[in-house]
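Heads up, the thing below is written out as structure tokens.
The values are calculated or read from the model by the stated rules, or taken from the named source; none is laboratory data. Given the structure is predicted, the values throughout are model-derived calculations rather than measurements. Neighbour counts are summed over all protein chains in view; Cβ atoms, including those assigned to glycine, are modelled from backbone coordinates with ideal geometry. Note: accessible area is taken over every heavy atom of the protein model, side chains too, but ligands, DNA and RNA are not part of it. Shrake-Rupley method; radii C 1.70, N 1.55, O 1.52, S 1.80 Å.
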Amino acid sequence: VTLTLIHGDVLHVLPTLPEASVDAVIADPPYSSGGMFRADRVGRDTAKKYMHSGNPRGWRSFAGDTRDQLGYERWCAMWLADCRRILRRGGYVAVFTDWRQLPAVVSAINAGGLIYRGLIVWDKTEAARPQLGMFRAHSEFVVWASHGPLRRSPGCPPGVIRCRRGESDTHAAQKPVEVVSHLLSLVPPGGTVLDPFLGSGTTAVACRARGLDFVGVEIDTELIETARARIDGHQLDRGGALLQPALEAV
Ligand SMILES: C[S@@+](CC[C@H](N)C(=O)[O-])C[C@H]1O[C@@H](n2cnc3c(N)ncnc32)[C@H](O)[C@@H]1O
């Protein structure tokens, strides 16, 4: 298995990757969401704005979370168009989003020339934040789309994944390995996966466990180191620092 981690801005790095070289793209971009007002979006630390109780875990802030919805849609369309070029025909993209940005992401998928296939629901369980007087927001969404007609795979993986967030996450927006691994269900054996927003390296860990080759891009050098340590099987504290070697269960 080859795992390649590239430091840089997605808009600069993707054009350097070869055409038709990956089978799937798992993308978890900054959501540019959170709060009720524009000031919440542009002025608040990412580690705090998605949490009601400040930042008790000491997570690092992450980049690229300040676009308004129009800018966000355009930016997503730019990197999605490049993902289409890098995808083999019949391959697919899976893009994480929340309820606010869902329309923008679907529109960007279409603008990027991909064929919208549907939504996968990540049910974060009742452990997710409750808000008094409101339906509990315990879902995030994965918009998935193919490059041309989808390559047919055996099986019919479920479109709802029920899994709570990790207790020892090292990134404010870290996804559970189990959820990302499920999204890889349609990748052919020995295939290659691209993650343009590596973060703490969840997709790399899932690919390694599934025996898939992997290419990841991340703008923050410290997160590249966090991802490398996770791939190597080290246990990290919530700020991403090394604790002790231990293989992560998938
Ligand atoms: C939502 S997080 C990804 C979390 C990841 N899925 C995980 O489980 O750890 C988005 C990541 O994209 C990175 N990022 C933001 N803007 C970027 C850009 N223009 N190019 C590359 N990476 C970027 C951020 O630093 C952040 O780590």
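Among the residues making up segment 186-197, those that are closer than 17 Å to residue 173 by Cα and open to solvent by less than 10 Å² (accessible area, probe 1.4 Å) are 195, 196.
Per-residue answers, yes or no, for (1) near the ligand (Cβ under 10 Å from one of its atoms); (2) within 17 Å of residue 26 (Cβ to Cβ); (3) at pLDDT 95 or above:
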| residue | (1), (2), (3) |
| --- | --- |
| 152 | no, no, no |
| 168 | no, no, no |
| 171 | yes, yes, no |
| 179 | yes, yes, yes |
| 218 | yes, yes, yes |
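Taking each residue of segment 161-177 that is more than 18 Å from residue 139 (Cβ to Cβ) and looking for partners that are open to solvent by 30 Å² or more (accessible area, probe 1.4 Å) and within 8 Å of the ligand (Cβ to nearest atom) with beta-carbon atoms closer than 9 Å, six or more apart or interchain, yields 171/62; 172/62.
A search for C-beta distances below 6 Å between a residue of segment 198-221 that is under 18 Å from residue 170 (Cα atoms) and hydroxyl-bearing (Ser, Thr, Tyr) and any residue that is part of a loop (DSSP other than H, G, I, E, B) and modelled with pLDDT of 95 or more, counting only pairs 6+ apart in sequence or on different chains, returns 202/175.
Here is the figure for segment 1-36: residues that are within 16 Å of the ligand (Cβ to nearest atom), open to solvent by 50 Å² or more (accessible area, probe 1.4 Å) and under 16 Å from residue 227 (Cα atoms) total 3. Taking the criterion of being of a type in the set (Gly, Ala, Ser) and more than 7 Å from the ligand (Cβ to nearest atom), the residues of segment 181-208 that qualify are 181, 185, 190, 191, 204, 206. When you look at residue 58, is it more than 15 Å from residue 27 (Cβ to Cβ), assigned to a strand (DSSP E or B) and open to solvent by less than 60 Å² (accessible area, probe 1.4 Å), yes or no? When the stated conditions are applied, residue 58 does not pass them. Residue 63 meets each of the listed conditions (1) in contact with a Ser or Thr (Cβ under 8 Å, 6 or more places away or on another chain); (2) at pLDDT below 95; (3) within 21 Å of residue 94 (Cα to Cα) apart from (1).
For every residue, the table says whether it meets (1) loosely packed, with under 12 Cβ neighbours inside 10 Å; (2) more than 17 Å from residue 176 (Cα to Cα); (3) of a type in the set (Asp, Glu).
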| site | (1), (2), (3) |
| --- | --- |
| 116 | no, yes, no |
| 133 | yes, yes, no |
| 158 | yes, no, no |
| 163 | no, no, no |
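Hey, among the residues in segment 72-113 that are within 13 Å of the ligand (Cβ to nearest atom) and part of a strand (DSSP E or B), which one's farthest from residue 32 (Cα to Cα)? Residue satisfying both the conditions and the ranking: 94.
One residue alone among 127, 111, 81, 94 is open to solvent by 40 Å² or more (accessible area, probe 1.4 Å) and under 19 Å from residue 174 (Cβ atoms), and that residue is 127.
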